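Presented below is the structure to which this report refers.
The values are calculated or read from the model by the stated rules, or taken from the named source; none is laboratory data. Everything quoted here is computed from the prediction, not taken from an experiment. Using ideal geometry, Cβ is built from the backbone for each residue, glycine included, and neighbour counts are taken over all protein chains shown.
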C-alpha cells in the first residue's frame, strides 16, 4: 500500500525540527526557516513540546549543577539492598532494635553526586538524610551570595533531623561536598517515629547539639587560625568521613569552604605538598603522610573529635 508523500513529509517535519533544536538549542522552536521574533510553526510547537516532555522524563536540566534546584524527586532513590546498608550510618546503628524498626520499612537508599544542593536557607525539610559515606557541607549564605562552611556531616550524623520534632526550615545551604550514599526518610514518617520513640527523638536533639558545637569551633578557627592549619583540619575531617586518603575537590570549592581566595588555597596546597604531606593535582588531593599533616593542623581538629565523642 503506497503512503502519500505529503503524509511522509508531515511525519518527518517534527523530527527535523527536533534535530534543529538539538543542534541549535537557543533558536526559536519554529523549524529551519524560523527567525528570531517570528511565530513558531505548528511543527515547531510540536517539537518544542515534545522535547520538553522528553527532557522532563529524562531529568534534563536547563541550568548547570551549581544553579540546579533541590533534588527532591530527581535523585532516583533505590530500594535498600545488601550493598547499601542503613546501619553503616552510626546514628541508625546506635538505635535499639525496636526503635530502628520504626524507621527501617520507610527508608530508601540513594546516591548523590558532588555539588547537589539539598536545601537552601528558608527551605522546609521534606526529607531527612542519614549518610553512609561521603560528606555534606552546611554553609552560611550572605546576601551577596558568598558562603562559608559552618559544619559538615558524614556517616556519623543526620541532616534535617530537627524535622522529627516538627516542621523545620533550613537556616543554611546543605550541599553534597563529597559524593554520598545515604538512607532517606520523609519528614512526616520521621516525625511519626519520633513521636513513638524517645531514642529517635533524643537522636534529633543530640546531633543538633553536635552541629552547634561544630559551628562554634569553626567560627573560632576561621577567626584565629591561619589558612594552612584550617586547610589541614578540613582535609583530615574529610578523610575521616570518607575512610580514604584521597579527596576529590576543586580549588574553587575548597576556597569557598574555608572562606578564602583561590590563590590562598593554591599557595597553601603547594607548601604542604612541598613538605611531602600531600599530593595535589587536578582537584584530587592524596594524603601521603598523615602524621605530617597532623603536625600542621590546628587544635580544632582534635577539639571537634573530642566534642563529637562526648555528645554522641
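When the range 136-155 is filtered for residues that are more than 14 Å from residue 218 (Cβ to Cβ), surrounded by fewer than 22 Cβ atoms within 10 Å (Cβ to Cβ) and under 16 Å from the mean Cα position of the chain (by Cα), only 141 remains.
Across the range 268-280, the number of residues qualifying as within 28 Å of residue 173 (Cβ to Cβ) and either without any contact (Cβ under 8 Å) to a residue 24 or more places away in the chain or within 23 Å of the chain's Cα centre (by Cα) (or both) comes to 1.
Could you tell me whether any residue of the range 209-220 is touching a helix residue (DSSP H, G or I) at 6+ places or on another chain (Cβ under 6 Å), within 30 Å of residue 297 (Cα to Cα) and exposed (fewer than 15 other Cβ atoms within 10 Å of the Cβ)? Scanning the range 209-220, I find at least one residue that is touching a helix residue (DSSP H, G or I) at 6+ places or on another chain (Cβ under 6 Å), within 30 Å of residue 297 (Cα to Cα) and exposed (fewer than 15 other Cβ atoms within 10 Å of the Cβ), so the answer is yes. No other residue among 156, 209 is at pLDDT below 95, outside the structural domain of residue 256 (by TED's automatic domain parsing) and within 22 Å of residue 113 (Cβ to Cβ) apart from 156.
In this structure, residue 173 does not qualify as surrounded by fewer than 20 Cβ atoms within 10 Å (Cβ to Cβ) and free of Cβ contacts under 8 Å to residues at least 24 places away in the same chain. Within the range 112-126, at least one residue is within 14 Å of the chain's Cα centre (by Cα), at positive phi, surrounded by fewer than 19 Cβ atoms within 10 Å (Cβ to Cβ) and touching a residue at least 40 places away in the same chain (Cβ under 8 Å). Return the only residue of 199, 182, 194 being in a strand (DSSP E or B), assigned by TED's automatic domain parsing to the domain that holds residue 96 and at pLDDT 95 or above. Sole residue among the options that is in a strand (DSSP E or B), assigned by TED's automatic domain parsing to the domain that holds residue 96 and at pLDDT 95 or above: 182. Of all residues in the range 242-262, those that are not assigned by TED's automatic domain parsing to the domain that holds residue 114 have Cβ atoms under 9 Å from Cβ atoms of residues that are part of a loop (DSSP other than H, G, I, E, B) and buried (at least 16 other Cβ atoms within 10 Å of the Cβ), 6 or more apart or on another chain, in 242/154; 243/155; 248/114; 249/114; 253/114; 254/260; 257/249.
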